[in-house]
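The values are calculated or read from the model by the stated rules, or taken from the named source; none is laboratory data. In this text, all values refer to a predicted model and were calculated from it rather than measured experimentally. All Cβ positions, even for glycine, are placed from backbone atoms using ideal geometry, and neighbour counts span all protein chains on display. Calculation scope for accessible area: heavy atoms of the full protein, side chains included, ligands and nucleic acids excluded. Shrake-Rupley method; radii C 1.70, N 1.55, O 1.52, S 1.80 Å.
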Amino acid sequence: MKLKIGVMGHAGSDLPEKEKNLAFELGKAIADQDCITITGSCPGYPFEAARGAAGRGGLVIGISPGLSLWEHVNKYHSPTEYHDVLIFTGSGLMGREVVNIRSSDMVVIIGGKSGTLGEFAIAYDEGKLIGVLMGTGGITTEIKHLVRVIRKDTGAKVLYDRDPRRLIQRLWQYYQREHYKRPSCFLNDRSSPKTSGDSRDR
């Protein structure tokens, strides 16, 4: 199966152009790596990543907080463009975060505030492979410190990079080399079947 990369980040509308372009390039890199893009089907950086992935012919799946397309659009004011599939959780903005993370083989954090922090916490607690796109502000400036403070061995691996394409390549390579053996905390042995680095900040 193709690997699924979740993009978690700031969902606001007032985004710096530089960071929007980084999110767009991130989506392109995911598609070029022949991976599936997963988002919270929200505006902001995840939307820009979806736009980038779709432009390269990549498959994009959105995990919606709504019960239906009507709720998705009218209650949560969330986009449908550039998504091939929407999955309606009916769990609300916070509830769908767990589905978002568990549906992803690895996640990338870009910018973000408290909501993205929650997604990072779930991913870290569940032993996911996590990429942090540095230089995008928000909680990305604090994650290294948080990891030092948490000091919890969950099996999670965090890679940092300032270049979106290089970050995706490093995540893919590390997953194929190591992380597939135990892709989440729910596998107690290290014999997970293979589907489809180091952590220096560059």
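For region 140-161, state whether one or more residues are charged (D, E, K, R), in contact with a Lys or Arg (Cβ under 7 Å, 6 or more places away or on another chain) and open to solvent by less than 40 Å² (accessible area, probe 1.4 Å). Checking region 140-161: at least one residue is charged (D, E, K, R), in contact with a Lys or Arg (Cβ under 7 Å, 6 or more places away or on another chain) and open to solvent by less than 40 Å² (accessible area, probe 1.4 Å). Would you be able to say whether some residue in region 182-194 is surrounded by 18 or more Cβ atoms within 10 Å (Cβ to Cβ), small (Gly, Ala, Ser) and at pLDDT 90 or above? Looking through region 182-194, none of the residues is surrounded by 18 or more Cβ atoms within 10 Å (Cβ to Cβ), small (Gly, Ala, Ser) and at pLDDT 90 or above. Within region 124-158, the set of residues being hydroxyl-bearing (Ser, Thr, Tyr) and in contact with a strand residue (DSSP E or B) (Cβ under 9 Å, 6 or more places away or on another chain) comprises TYR124, THR136, THR140. Counting the residues of region 37-91 that are part of a helix (DSSP H, G or I), of a type outside the set (Phe, Trp, Tyr), more than 25 Å from LEU22 (Cβ to Cβ) and open to solvent by 10 Å² or more (accessible area, probe 1.4 Å) gives 5. Within region 95-115, residues that are polar (S, T, N, Q) sit with their Cβ atoms under 6 Å from residues that are surrounded by fewer than 24 Cβ atoms within 10 Å (Cβ to Cβ), at 6+ positions apart or across chains, in these pairs: SER104/LYS4. Could you please let me know if SER13 is hydroxyl-bearing (Ser, Thr, Tyr) and open to solvent by less than 70 Å² (accessible area, probe 1.4 Å)? So SER13 does not fit the description; no.
For GLY115, the conditions (1) open to solvent by 20 Å² or more (accessible area, probe 1.4 Å); (2) closer than 22 Å to LEU187 by Cα all hold with the exception of (2).
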